[in-house]
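> Structure provided below as structure tokens; questions to follow.
Derivation of every value follows stated rules applied to the coordinates shown; laboratory data play no part. Here the structure is a predicted model, which means the values were calculated and not measured. All Cβ positions, glycine included, derive from the backbone under ideal geometry; neighbour counts span all protein chains shown.
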Amino acid sequence: MPLTPDCCGGVGQDTSRESAPCPLCRKKGRHVENTTVRHLLRKEMEEKAGQEDYYLCMDEKCDIAYYNDRTGTTFRKKDIIVPLWFKEDADPRYACYCSRITQEEVIRAVREQKITDMNAIRKYYDPEAASQCKIKNPAGRCCSPVFGETIKKAKGFKEH
Ligand SMILES: [Zn+2]
């Protein structure tokens, strides 16, 4: 398999510290840097973000997107500009936030165009594709894991 390479220049690894529980669902979130959060907040919310890092609530039913346990600042799903792919009502559900490729589009590329390589799919929809996961992906990480899962899922469907 060719590159998955520098898609995001090394922010793929988990840099998280201790996580705090989400104030709403009480589940532990994922550490996300302030830069990422700021890029994804609605304009009018930016000021509220301060300089602190946040946690991303990964619970699919919870309405909280980001929270900071120390400042008590929370942002709801409606406060950010993209749907979170893992929330139950995400629409559209992106596989790649950098190129804004939805999971549906990935599935279509696999089934109809027979393209099963992540980078080829990215190029198919977005020839100019540039990876900016750090500021485009809500987790501040590479889109590849979700993208890969979607391809796998699409291949599975083909059997029917
Ligand atoms: Zn939550």
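> Loop only by DSSP, 10 or fewer other Cβ within 10 Å of the Cβ. Give me the trypsin sites (Lys or Arg not before Pro) in region 73-155 that pass, ordered by residue number. Don't jump to the answer; show the numbers that get you there.
Working: sites: ARG76, LYS77, LYS78, LYS87, ARG93, ARG100, ARG108, ARG111, LYS114, ARG122, LYS123, LYS134, LYS136, ARG141, LYS152, LYS153, LYS155; in loops: LYS87, ARG93, ARG100, LYS114, ARG141.
Sparse-neighbourhood loop trypsin sites (Lys or Arg not before Pro): LYS114.
> Continuing with this model, one more query. Determine the alpha carbon to alpha carbon distance for each of LYS27/LYS155; LYS27/LYS77; LYS48/LYS77; LYS123/LYS153; LYS61/LYS123 and list only those over 26 Å. Mind showing how you got there, number by number?
Numbers: LYS27/LYS155 32 Å; LYS27/LYS77 16 Å; LYS48/LYS77 15 Å; LYS123/LYS153 20 Å; LYS61/LYS123 33 Å.
Checking Cα-Cα distances, LYS27/LYS155; LYS61/LYS123 exceed 26 Å.
> Another one. Using alpha carbon centroids, what distance separates region 136-153 and region 108-123, in Å?
Region 136-153 and region 108-123 have Cα centres separated by 15 Å.
> In addition: Where Lys and Arg each count +1 and Asp and Glu each count -1, what net charge lies around PRO23 among other residues with Cβ under 14 Å from its Cβ? Write down the numbers at each step before the final one.
Numbers: positive: ARG26, LYS27, LYS28, ARG70, ARG76; negative: ASP59, ASP63, ASP69.
Net local charge, PRO23 excluded: +2.
> When Lys and Arg each count +1 and Asp and Glu each count -1, what net charge do the other residues less than 14 Å away from ASP91, Cβ to Cβ, add up to?
On the way: positive: LYS77, LYS78, LYS87, ARG93, ARG100; negative: GLU60, GLU88, ASP89, GLU104, GLU105.
It works out to a net charge of 0.
> State, in angstrom, two size descriptors of the chain derived from its alpha carbons: Rg to one decimal place and Dmax to the nearest whole number.
16.2, 51
> Regarding region 30-79, what are the three Cα extents along the principal axes, ordered largest first, in Å?
Computed over region 30-79, the largest-to-smallest principal extents equal 27, 21, 17 Å.
> Something else now. Go ahead and estimate [θ] at 222 nm for the chain from helices alone: -39,500 (n - 2.57) per DSSP H run with n ≥ 4, summed, over the residue count, rounded to 500. The partial results should precede the final answer.
Details: 5 runs with 44 residues, N = 160.
Rounded to the nearest 500, it is -7500 deg cm²/dmol.
> I would also like to ask the following. Using DSSP to define loop residues, name the GluC sites (Glu not before Pro) in region 79-136 whose beta-carbon has at most 11 other beta-carbon atoms within 10 Å. Can you show the working numbers first?
Working: sites: GLU88, GLU104, GLU105, GLU112, GLU128; in loops: GLU88, GLU128.
Sites meeting the loop and neighbour criteria: GLU88, GLU128.
> Rg and Dmax of region 94-158 over Cα atoms: what are they, in angstrom?
Just the Cα atoms of region 94-158 yield Rg and Dmax of 10.9, 34 Å.
> Just rank THR74, THR36, THR150, THR116, fewest to most, by other beta-carbon atoms within 10 angstrom. Write out the running numbers ahead of the final one.
Details: THR74 20, THR36 23, THR150 27, THR116 16.
Listing THR74, THR36, THR150, THR116 from fewest to most nearby Cβ atoms yields THR116, THR74, THR36, THR150.
> On a straight-distance basis, which aspartates and glutamates could pair with LYS78 in a cross-link, Cα separation under 17 angstrom, same-chain partners fewer than 8 positions away excluded?
In chain and number order, the partners are GLU44, GLU46, GLU47, ASP59, GLU60, ASP63, GLU88, ASP89, ASP91.
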